[in-house]
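Data block below; observations after.
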Amino acid sequence: MAGPLAARLRAALGDGAVLSDPSDIAGYAEDWRHLYRGQPLAVVRPSTVEQTAATVRICAGAGAPVVPQGGNTSMVGGATPSGDGTAVVLSLERLRAIRAIDLVAMTMTVEAGLTLRQAQEAAEAAGLLLPLSIGSEGSAQIGGVLATNAGGNNTLRFGNAREMVLGLEVVLADGTVWDGLRQLHKDNTGYSLRQLFVGSEGTLGVITAAVLRLQPGVTGRIAAFCALPSVDAALVLLNRLRAWDAAGLHAFEYMSGQSLDLVLRHIEGAQRPVAGSDHYVLIELATGGDAAALAGLESGLEGLLAAAMEEGAIADAALSRSEAQRLAFRRLREEHSEAQKRAGASIKNDVSVPIAAIPELLRAAEAACIAAVPGIRVAPFGHLGDGNIHLNLVQPEAAEAAGFLARSDELMHVVNTVVRDLGGSFSAEHGVGRLKTGLMEEWRGGPELRLMRAIKAAIDPAGIFNPGVIFPPG
Ligand code: 2HG
Ligand code: ZN
């Protein structure tokens, strides 16, 4: 059956749009973390919405699974096809037009294959801000970012991707194109269908374009890198910053001593800007005002940090004195994933708890993991301001990677037991993907999973979109 389906897709879209040579499709068949290697029947790269719809129609007619793929940066294998050679990967990478930017409505209408960074740059060139910022923004694409409801560094101030979506264009399971590209800031007419597709991880339809809500442009940013005596001190500092300038506070990111050490060790040119500690935070503030406003922000932050230092809430701090220095601070945070990848096998726990419970989460989870695997490197970091910590576990120095990874489920359970006791979630922003389907029954079983299954059955009755993702087997 592989031959006829690929031939039909070629006849409809043209030879260049359908890849099936193993060397051409290898990059689409494996996830970023090298945890999953699939075997797609073909990779289809439509250049128009009509071609995308034709692809879905043809695959649906042949009963072939369709795996929508953006920048392929999933942390949970959410865009990797199965290994049985039946699935078609539908790459949106050629759909990358900026259809419109509306300065009055403060919106942009962009296609799914545009990278997040390209979209940010287009908004900035128009004097506006697309306030979604994630480490993989140079390759992550708008369609994937929305399908996974990405979070990132500015969620604290602007919310997750979900909060930025006013309208969507989606190819449905029968190949119909739903044009929901409304630009309305208010539209209270029945169920919010667009929000069903946001966060659906490609299981309900293929997002081809979106209307995104923008914010007033930013003219200046400053950052501070702080060494703290404890995680509890981070919460004190966060509250001070919010009380002083909640609107200007765009990011408040946590890094453990263990995780920053991995960055210093594995990332070229990385240098710690403050004295060594077990806990660090990166603070980012922004203004849309003039040079005086930026100077005011800088002196205000300086005063706040000095006072916190006097009270013992900060051990050491460095303020960015130039844009280059701010970007260097930011890089120390953004390179955490890459550094951990280079440090060996790692087990990712993208967890969230109520913010006040973060100190307890870190203490209890670290103790439990060390008890389970002596020598394990517990390297938490993340979006402390949202209660979302990447409680990642890196293999002991001398251990063998495969043996460590074989204990993934056990160690995730160790962390998740603490998370559950604290009223948290096992996946705060990376989604469920293929990796965490086994947790869904336990955490979301009962009415929630029943409703999710009913929605899936109503919107994709034949189950062609991204099988094996979100739902536990059976
Ligand atoms: C981040 O916050 C990303 O940098 C990646 O969500 C986290 O590598 C990770 O676990
Ligand atoms: Zn994150």
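The values are calculated or read from the model by the stated rules, or taken from the named source; none is laboratory data. Nothing here was measured: the structure is a model prediction, and the numbers come from that model. Cβ: placed from backbone, ideal geometry, glycine included. Neighbour counts: every protein chain shown. Heavy atoms of the whole protein, side chains included, go into the accessibility calculation; ligands, DNA and RNA do not. Shrake-Rupley method; radii C 1.70, N 1.55, O 1.52, S 1.80 Å.
Summary table
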quantity	calculated
The range 242-374, accessible area per residue, ligands and nucleic acids excluded (1.4 Å, Å²)	41 Å²
Residue order for TYR280, TYR191 - accessible surface, 1.4 angstrom probe, largest first	TYR191, TYR280
Karplus-derived 3J(HN,Hα), 6.51/-1.76/1.60, for each residue of the range 362-371, Hz, glycine and proline x	5, 5, 5, 5, 4, 4, 5, 5, 5, 5
Extreme residue, positive dipole direction of the range 387-457, given options GLY433, ASN416, PRO447 (C-beta unit charges)	PRO447
Three-way shape call for the range 24-110 based on the alpha-carbon gyration tensor, with the a/c threshold at 1.5	oblate
Shape category assigned to the range 131-209 from the gyration tensor of Cα positions, a/c cut at 1.5	oblate
0 to 90° range, to nearest 10: angle between helix 291-310 axis and the chain longest Cα axis	60 degrees
Amide H contacts under 5 Å for ALA317, placed H, 5+ residues apart	ALA227
For the range 100-113, Karplus couplings with θ = phi - 60° (6.51, -1.76, 1.60), whole Hz, Gly/Pro x	6, 10, 10, 6, 7, 6, 6, 9, 10, 10, 10, 8, 5, x
Distant-in-sequence amide H partners of GLN69 (H built 1.01 Å from N, under 5 Å)	LEU90, SER91, LEU92
LYS436 accessible area, 1.4 Å probe, all protein chains in place, Å² to nearest 10	10 Å²
ILE347 - accessible surface, heavy atoms, 1.4 Å probe, Å² rounded to 10	0 Å²
Where HIS34, HIS250 fall by accessible area, highest first, once all protein chains stay in place (1.4 Å)	HIS34, HIS250
Average accessible area per residue (Å²) across the range 105-185 - probe 1.4 Å, nucleic acids and ligands excluded	33 Å²
C-alpha center-to-center spacing [the range 388-442, the range 317-338] in angstrom	28 Å
Alpha-carbon centroids, the range 233-270 and the range 179-215: separation in whole Å	32 Å
Computed accessible area, ASP290, all protein chains, 1.4 angstrom probe, square angstrom	100 Å²
Loop-located GluC sites (Glu not before Pro) in the range 293-329, at most 12 other Cβ atoms within 10 Å (DSSP)	GLU311
The chain, relative contact order [Cα under 8 Å, separation at least 6], %	15 percent
Cα gyration tensor, the range 316-431 - rounded (a/c under 1.5), prolate or oblate	oblate
The range 35-46 - phi-based ³J(HN,Hα) in whole Hz, Karplus 6.51/-1.76/1.60, Gly and Pro as x	8, 10, 10, x, 9, x, 5, 6, 10, 10, 10, x
Value of [θ]222 nm, deg cm²/dmol, for the chain, DSSP H segments ≥ 4, -39500 (n - 2.57) each, nearest 500	-11000 deg cm²/dmol
Protein accessible area in the chain, 1.4 Å probe - carbon and sulfur %	53 percent
Cα-based reach from LYS436 at 12 Å (exclusive), listing aspartates and glutamates while leaving out same-chain residues under 8 positions away	ASP350, ASP409
Sequence-separation-based contact order of the range 321-400, relative, with Cα cut under 8 Å and 6+ spacing, percent	34 percent
Check: the chain dipole with +1 on Lys, Arg Cβ and -1 on Asp, Glu Cβ, in debye	780 debye
